[in-house]
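Step one of this worksheet: look at the structure below.
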């Protein structure tokens, strides 16, 4: 569940992005997994979904190795884009600001920080998603 005020905007990185709608000081928890709020499926449950539904779910979810479930954030956190130079430090359980983030700045994380094989699980070439946030 998002813990800071954000908004969705078109991203220069990819499609829609998640942007700060407030100043976020370094170290602030920006998102935290909440099993009562976020949606989760085991691999077996995911296999039962229609192909299109499964593809859509995987597009915005991550696999938590500890609890062996795919997690889909129920809020706009699912629109956070990937960067190899993130301003958000991610884990499967929470995200925090790795630096001061200004209002209007896009929040970006490294997908591999919370799911080491994110790209492989989805059959995606990581080079297609390697972005660096400019101006830091």
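Each value in this text was obtained by applying a stated rule to the coordinates, not by laboratory testing. This is a predicted model, so every value here is computed, not measured.
Tabulated results
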item	result
Residue with peak Gaussian network fluctuation, the chain [Cα springs, cutoff 10 Å], from 120, 106, 32	120
Angle between the chain longest axis and helix 51-60 axis [Cα atoms, degrees, rounded to 10]	30
The chain: most fluctuating residue of 67, 88, 80 per GNM, C-alpha cutoff 10 Å	67
Cα gyration tensor shape of the chain, rounded if a/c is under 1.5, else prolate or oblate by comparing a/b with b/c	prolate
Gaussian network model of the chain, springs between alpha carbon atoms under 10 Å - residue of 46, 107, 72 with greatest fluctuation	46
Helix-only [θ]222 nm of the chain, DSSP H runs n ≥ 4, -39500 (n - 2.57) each, per residue, nearest 500	-3500 deg cm²/dmol
